[in-house]
1. List the number of the failed condition for Gly92; all other conditions in (1) more than 9 Å from the ligand (Cβ to nearest atom); (2) more than 23 Å from Asn73 (Cα to Cα); (3) not in a loop (DSSP other than H, G, I, E, B) hold.
2. What number of residues within the range 35-58 are in a loop (DSSP other than H, G, I, E, B) and either modelled with pLDDT under 95 or farther than 21 Å from Ser76 by Cβ (or both)?
3. Just checking, does the range 61-81 include any residue being within 16 Å of the ligand (Cβ to nearest atom), within 14 Å of the chain's Cα centre (by Cα) and open to solvent by 40 Å² or more (accessible area, probe 1.4 Å)?
4. Among the residues of the range 208-244, count how many are of a type in the set (Asp, Glu) and open to solvent by 90 Å² or more (accessible area, probe 1.4 Å).
5. Which of the helices (runs of 4 or more DSSP H) found entirely inside the range 131-247 contain at least 2 residues meeting this: over 28 Å from Asp108 (Cβ atoms)?
6. Would you mention how many residues in the range 96-139 are under 24 Å from Val61 (Cα atoms), within 14 Å of the ligand (Cβ to nearest atom) and under 15 Å from the mean Cα position of the chain (by Cα)?
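The values are calculated or read from the model by the stated rules, or taken from the named source; none is laboratory data. Computed from a predicted structure; not experimentally measured. FYI the Cβ positions are ideal-geometry reconstructions off the backbone, even for glycines, and counts take in every protein chain you see. Quick note on the areas: whole protein, heavy atoms, side chains included, nothing else; ligands and nucleic acids left out. Shrake-Rupley method; radii C 1.70, N 1.55, O 1.52, S 1.80 Å.
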Amino acid sequence: MHFDVISLFPEMVMQAASYGVTGKAIEKKIVSLSAWNPRDYTTDKHRTVDAKPYGGGPGMVMKYQPLADAVKNAKSSQDCKNKKVVYLSPQGKVINQHLLSTIKHDTDQLILIAGRYEGVDERFIETICDEEWSLGDYVISGGELGALIVIDAVTRLLPDVLGDEDSAKQDSYSDGLLEFPHYTRPEKLDQGNVPEILLSGNHAKIERWRTKQALGRTWKKRSDLLEHKKLTAIEHGLLEEFKLEVQ
Ligand code: 9D3
């Protein structure tokens, strides 16, 4: 998978992606990442990337041509069949795990447009972008963090990025439930003790307890996640048990 980010702050993107899981995936050449600065594709003396909006009003708008030329160069840098250009914007479709997981199947070059100022010239969106994605209904200052979120979330889904253990975990818990609670040493704190069952060594009982906790916390904290989820008879029973224990 190759990612390109079109951004006025290319160093911010390259820096942030160099850490942790994404950094390792780049080192291991499972993914590659390039950042392209529209300012490098300007032709005027002042290297102008933005201008005042026609019709007046506050703020500035990113000009079509530097963005279009940055995308053109990003596209021609890779010999890929399935390219997708995504504009990160407050007007986009709100991203979720399912949408991001489709990318891993249908795209081999993902070009992410990170805007700044009030946005980009509408003709760029209409003629060059395939999709428009939002992070949710709140306002941030530009698309770079959105691009980084997409890169991180998609990279985690690719083969050989996570260790065996984390991959297995991802498989069993990408089932739309919150995670069960985790504990580590020490066994006893003034703030509370580790639940007895986790110390029992009885793996079947531990598994059952964890599933019950996962269902219970999802019900308590994110009941919306259960609305469209079909529970098995066993899961339903575990959730009823949890509710009776009124935690
Ligand atoms: C006052 C009108 N604002 C639109 C809601 C202007 C405006 C605010 C912030 C225009 C652009 C931006 C920059 N935002 C992003 O680039 C952005 C974003 C966001 O603000 N919210 C959720 N997802 C995203 S993805 C990119």
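1. Against the list (1) more than 9 Å from the ligand (Cβ to nearest atom); (2) more than 23 Å from Asn73 (Cα to Cα); (3) not in a loop (DSSP other than H, G, I, E, B), Gly92 comes up short only on (1).
2. Result for the range 35-58: 12.
3. No, the range 61-81 has no match at all.
4. The number of residues fulfilling the criteria is 1.
5. Because the criterion is at least 2 residues that are over 28 Å from Asp108 (Cβ atoms), the helices (runs of 4 or more DSSP H) in the range 131-247 that meet it are 203-221, 224-227, 233-244.
6. 8
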